[in-house]
Amino acid sequence: MHVAEIWRYPVKSMAGERLERAQIGTDGIRGDRVVHVSGAGGRVVTSRTHPRLLGLRGALGADGEPLVDGRPWTAPESAALVREAAGPAAHLVRYDGPERFDVLPLLVGTDGAFAELGVDHRRLRPNIVVAGVDGLAEREWPGRRLRISQVVIGVAKLRSRCVMTTYDPDTQVQDLSVLRRIASDFGGRMALDCEVLRGGWIALGDPVELEESAA
């Protein structure tokens, strides 16, 4: 098995950026989901309710600060794009605490499971895609560990999927059959919620070893 893809989403609920290598710490990939959209009353706004956010692309600039469609996240143009996508009260907020993640800081997917599902796997928004995995073998991984170079990842559980999977990542057109199939054929769960046990750097092509968890 090896690392086939690495993804970072600097702005929560926007399209992410594909990386060749990444630094991983206890809070996941450096720069992941450090800015989010906030609405009236300070509530977090996501593409579950405002899928047009998926049409905006988040990235990290050379200075380590997030960009929205190539502009600094603090720029007036970025603010206007966010209001257009998520309503007049929507605005961007920087917050890098652990609560910024819906579950755990790292989502790992596998080529075998994605092939079984048969849709664009960007719908599932993985951070790491592991290739060389047979079918649904990932479903036996919770409770075990993945070793990638010096990085050790603890596999906690399968991720319960939501309505975000129904939106095409390029057009934002909704197809509810995707989530219905995840529910009917895969128990509503796909890809793996993970924690980082030991940080470091990973790169495309790195071997991935599946290990038993430490006693």
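The values are calculated or read from the model by the stated rules, or taken from the named source; none is laboratory data. Everything quoted here is computed from the prediction, not taken from an experiment. Note that each Cβ is placed from the backbone with ideal geometry, even for glycine, and that neighbours are counted across all protein chains shown. These area figures cover heavy atoms from the full protein model, side chains too; ligands, DNA and RNA do not enter into them. Shrake-Rupley method; radii C 1.70, N 1.55, O 1.52, S 1.80 Å.
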* Given a Förster radius of 30 Å and the C-beta distance between D120 and A75 as r, what FRET efficiency does 1/(1 + (r/R0)^6) yield to the nearest 0.05? -> 0.50
* Farthest positive-ward along the chain dipole, Cα basis, beta-carbon charges - from G200, A86, F114 -> A86
* Under a 1.4 Å probe, what is the accessible area of region 39-108 per residue, stated in Å²? -> 52
* **DSSP-defined antiparallel bridges as percent of all bridges, the chain, nearest 5** => 90
* **Mean residue ellipticity (222 nm) of the chain, computed from DSSP H runs ≥ 4 via -39,500 (n - 2.57), nearest 500** => -3500 deg cm²/dmol
* Structure fact -> With E195 itself left out, Lys, Arg at +1 and Asp, Glu at -1 over residues whose Cβ is under 12 Å from its Cβ give +1
* Among residues other than V44 whose Cβ falls under 12 Å from its Cβ, what is the net charge (Lys/Arg +1, Asp/Glu -1)? -> +3
* Structure fact -> So, with points 7 Å from each Cα along the Cβ direction, the R48-R181 label distance in nm works out to 2.3
* Grab the other residues whose beta carbon is less than 15 angstrom from that of R161, score K and R as +1, D and E as -1, and report the net. => +3
* Area accessible to solvent at H50, 1.4 Å probe radius, in Å² -> 50
* Structure fact -> Expressed as a percent, the accessible surface of the chain that is carbon or sulfur, using a 1.4 Å probe and the full set of protein chains, is 50
